[in-house]
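Engineer: Supplied in structure tokens, the structure appears directly below.
Bear in mind that the values in this text are calculations on the coordinates, not laboratory data. A quick note: this is a predicted structure, and the numbers were derived from the prediction, not measured. We place every Cβ from the backbone using ideal geometry, glycine too, and count neighbours over all the protein chains shown.
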Amino acid sequence: MKTVVILGGSYGGISTAHRILKQAKTTPVKIILVSPNTHHYWNIAGPRALVPGQIPDDKIFQSIAPGFKQYPAGRFEFVLGSAESLDLVTKKVTVAGPTGQKMLDYDILILATGSSTRGDVPLKGRGSTEATKDAIHVFQQKVKQAKDIHIAGAGSTGVELAGEIAFEYKGQKKLTLIASGPHILEGTPASVTKTATKQLRDLKVTIKTSSKVIGDAKMPDGRTELTLSGGEKITTDLYLPALGLVPNSSYLPHSLVNAAGFVKVDEFLRVKDTTNIWAVGDVADIQRPQYMNTEKQSVHLAKNIVAVLKGAQAVKYKKEEKDMLAVPVGRKAGTGHMGGMKLPSFMVNLVKGKNLFMDKMPGMISGSNF
């Protein structure tokens, strides 16, 4: 029996595990899924979850292991822990968990360890399910108490976060979004940035462009002093950095990652210069970290793994030629694009903004989606 070790209880990790087990029914394979979290955190809804009273814990966290009880004994094992190191020669992963270290042998290894946020805003996992829940509750209280909030980073996450808070408090809080470039949502069509800017301004959000936070210091009264690139200093009740993602790849040999830490993968989703290691989702360098991209990669990777287990050839992964982005701005509006085509506000709200795909989580955890 071949052993497939999947590192990461991320969307990519859980989805790929279910897909392999369902497609390889007659193939002798065992999946070992390793995660530092007992529960999956549906972080797509993270910006809304930070607003007090919006999403209860049981809607955004769901236990991982029960979804795999349906498979025959000996086909699946859940290991609570984090990958610490990888030996390419002996094909062993060192995992550290609550009971200490253990070594896992693999025939095939899948890297699905995802990414983390820069700064302490819990828009991604914080190391364990309890730590993430605690961090969310702390930030909910901070958001509730703050009268003045500054968000740094005007990509999709920063825009969503500003929109969610502004929508809830309807002008009761002074909210400022700081963009490093001349406008928000850099890299999207001009019509999209224009729409998002108007939607945020309608929600009374102040947008400060061409400015970067180059320093932040806690003041004795608990507020934060921000130093901006132009030399200006601002004191705010709450500072929320939304400054992009860092791949969770510190456990990997340097040869497997690029300068930014993302895993280098080839056109098959196999890790470059390896024969039996693959990657899916945020940690891989093949596409922008995004739910729809991870979903497409998971579908393809599972097929490739099952093919390899059966002695067949892997097939090439085809990336979407048109980049797509959907950004809810509050709970009633939003914007986005597919390639050069702008998506209407009502469509973004209908497809994503209403429930942030949370309806897909139970079926992802149970495997019934696949």
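Engineer: Counting Lys and Arg as +1 and Asp and Glu as -1, each charge on the Cβ, what is the dipole of the range 1-109 about the Cα centre in debye, to the nearest 20?
Structural biologist: 400 debye
Engineer: Right, something else. Over the Cα atoms, compute the radius of gyration (one decimal) and Dmax (the largest Cα-Cα distance, rounded to a whole number) for the chain, in Å.
Structural biologist: 21.2, 65
Engineer: 7 Å from Cα along Cα→Cβ at both Leu88 and Ala307: what's the point-to-point distance in nm?
Structural biologist: 2.4 nm
Engineer: If each residue's Cβ is checked for other Cβ atoms within 10 Å, how do Ile184, Ile207 rank with the fewest at the top?
Structural biologist: Sorted ascending by nearby Cβ count, the order is Ile207, Ile184.
Engineer: Sticking with this structure for a sec: Simple spin-label model, 7 Å along Cα-to-Cβ: Asp221 to Val246 in nm?
Structural biologist: 3.1 nm
Engineer: Among 344-353, 295-304, 70-79, what's the highest-first ranking by average C-beta atoms within 10 angstrom per residue? Write out the running numbers ahead of the final one.
Structural biologist: Numbers: 344-353: 17.0, 295-304: 21.3, 70-79: 14.4.
Going by the mean number of other Cβ atoms within 10 Å, highest first, we get 295-304, 344-353, 70-79.
Engineer: How much FRET efficiency would the formula 1/(1 + (r/R0)^6) give for Gln141 and Lys2, where r is the Cβ-Cβ distance and R0 is 35 Å, rounded to 0.05?
Structural biologist: In this case the efficiency is close to 0.15.
Engineer: To make sure I understand, if each residue's beta carbon is the centre and we count other beta carbons within 10 Å, what order do Met1, Met324 fall in, fewest to most?
Structural biologist: Sorted ascending by nearby Cβ count, the order is Met1, Met324.
Engineer: Put a dot 7 Å past each Cα toward the Cβ at Asp202 and Ala260; how far apart are the dots in nm?
Structural biologist: Using points 7 Å along Cα→Cβ, the separation is 3.2 nm.
Engineer: At 0.36 nm per residue, and after removing the present C-alpha to C-alpha distance, how many nm does the segment from Gln172 to Met347 gain when stretched out fully?
Structural biologist: 60.2 nm
Engineer: For Asp148 and Lys69 in the same chain, what is the full-extension length gain: residue separation times 0.36 nm, less their Cα-Cα distance, in nm? Intermediate values should be presented prior to the final figure.
Structural biologist: Values: separation 79, 0.36 × 79 = 28.44 nm, distance 4.75 nm.
Taking Asp148 through Lys69 to full extension adds about 23.7 nm, to one decimal.
Engineer: With unit charges on the beta carbon (Lys/Arg positive, Asp/Glu negative), name the residue among Gly181, Leu301, Ala131 whose Cα is farthest towards the positive pole of the charge dipole of the chain.
Structural biologist: Leu301
Engineer: Shifting gears a bit: Kindly point out which whole DSSP H helices in the chain project their C-alpha atoms 15 angstrom or further along the helix axis while averaging a Kyte-Doolittle hydropathy of 0.0 or above.
Structural biologist: Working: long enough: 11-23 (18 Å, -0.32); 129-145 (24 Å, -0.85); 156-169 (20 Å, 0.34); 190-202 (18 Å, -0.82); 291-309 (27 Å, 0.13).
What comes out of the filter, once short or polar helices are dropped, is 156-169, 291-309.
Engineer: While we're on this one: What number, rounded to the nearest 500 deg cm²/dmol, is the helix-based mean residue ellipticity at 222 nm of the chain, given -39500 (n - 2.57) per DSSP H run of at least four residues and division by all its residues?
Structural biologist: Result for the chain, helices only: -7500 deg cm²/dmol.
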